[in-house]
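Structure first, commentary second.
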Amino acid sequence: MWIADQLSASLQQALQLLSQGKAGEAEMVVKKAAMEAKAKHGSGSHPLAVAYADIGRLHLRMGEFQKAALEFQHASKGPMPPEADARRDRLGFMYGFAEALVGLTKYDESEKVLRQCVTFAKSLHGPTSASAAAANAPLADTLLKAGKTTDAMAVAQESYDALWALGDPLITNVIPVRAEALKAAGKADNPFTDLADLPDELVTRTVAGGFARSPAGEPGRVRAVLADLLAFTDKKFGDGHALTCDALAAVAHHEGRQGDRGDPTVRRAAVRRSVWSYLVRRMPGGLLSNLEIGFEPDGALHLVPHLTREPSASEAAQLEAALTQAVDDLYARPATKA
């Protein structure tokens, strides 16, 4: 979701159940919360609208976009509430509806809703506020998905410029979208260069946002964006830093997800560097001379370390354990999760 919401207790419980593969039980939790809200507050109440939106959020996670669209529509019906918090919730419902429409590939309809969201955000927060500027990010994303590259680039750049001038942390929501839009527009410049001027906390949030986009983005553009992210983290933080390791993992797993369309050279290089970097910090100096990386037909990783000498029994055991740990580390990184 583009708008960060405070998750209700029922939605948190439902998402936990969903992560355990208990989709039916997860649905029962949020539906029960909606029935309780209706019984306590009545039809047309704001608490009931929030409960309907929670069902929509769960269905978004489940990929049930048609159900989610109807639920967010239902949550958005009725007179506009006068309270500021409730109005912010209404804006969140509209973003949820737009996201469901994207899931249904109804890009023109989503664009229409998102332009309404931008207008609403300006009314709610002020036309020159950071929140109003950040409201353009999901619009740029949808335009990009719809193939409207020029429009997407213009909207993303406008949002980026406004947030940069304001010095607002919400710029972390815009930079990853702008990066992909720049690649779609054929721009060769690294879109993350300006991050060097931001505090490390904001850099981390921005880089994580770039990783999170990779499973759903256009593969060629994602490859270019991840290459730029790796170059940026390499220069700013160096080898072995958590963000550099995450970048290597994101590159490796992006290529792995593409199957026959992936670039095996890029994938092999990222995996080799990730594993090598892990090993050399844990093995006795001078033992390792090289590391060959291969992939089995089923996608399994094949590692062949080259040594400068015959290892002792303890060194051999240490190497075997370190190889396993290196692969586990690669696959466990958040950046690799689809």
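Read-outs throughout are calculated quantities, based only on the coordinates presented, and are distinct from any laboratory measurement. Just so it is clear, the structure is predicted and the values come from calculations on it, not from any experiment. All Cβ positions, even for glycine, are placed from backbone atoms using ideal geometry, and neighbour counts span all protein chains on display.
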Item to check | Contact order normalised by residue count of the range 1-105, Cα under 8 Å, 6+ apart, percent | outcome: 25 percent
Checklist entry - Within the chain, which complete DSSP H helices have Cα atoms spanning at least 18 Å along the helix axis and a mean Kyte-Doolittle hydropathy of -0.5 or higher? => result 23-41, 46-62, 84-103, 149-166, 171-184, 200-213, 219-237, 242-257, 264-280, 313-332
Item to check | Ranked Thr233, Thr105, Thr204, criterion: other C-beta atoms within 10 Å, fewest first | outcome: Thr105, Thr204, Thr233
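What ratio of Cα Rg to 2.2 N^0.38 Å holds for the chain?
Ratio of Cα Rg to 2.2 N^0.38 Å: 1.15.
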Checklist entry - Which longest uninterrupted range of the chain lacks any trypsin sites (Lys or Arg not before Pro) assigned by DSSP to a loop state (not H, G, I, E or B) and surrounded by at most 15 other Cβ atoms within 10 Å? => result 78-186
Checklist outcome for this item: Computed over the chain, the relative contact order (Cα-Cα under 8 Å, seq sep at least six) in percent reads 8 percent
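Listed here are the pairs Lys106/Lys183; Lys32/Lys122; Lys122/Lys148; Lys32/Lys112; Lys22/Lys183; Lys38/Lys145; which of them are more than 29 Å apart at the Cα?
Flagged as over cut-off: Lys32/Lys122; Lys32/Lys112; Lys22/Lys183; Lys38/Lys145.
Cα-based Rg of the range 208-338 per 2.2 N^0.38 Å, rounded to two decimals?
Rounded to two decimals, the normalised Rg is 1.08.
Using the Kirkwood radius over Cα pairs, work out the Stokes-Einstein diffusion coefficient for the range 1-105 at 4 °C and 1.567 mPa s, in µm²/s as a whole number.
96 µm²/s
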Item to check | For the range 103-161 versus the range 287-328, the gap between their alpha-carbon centres in whole angstrom | outcome: 48 Å
Item to check | Where the Cα pairs of the range 67-163 fall when distances are cut into 5 Å bins, in % | outcome: 2, 15, 23, 23, 19, 12, 5, 0
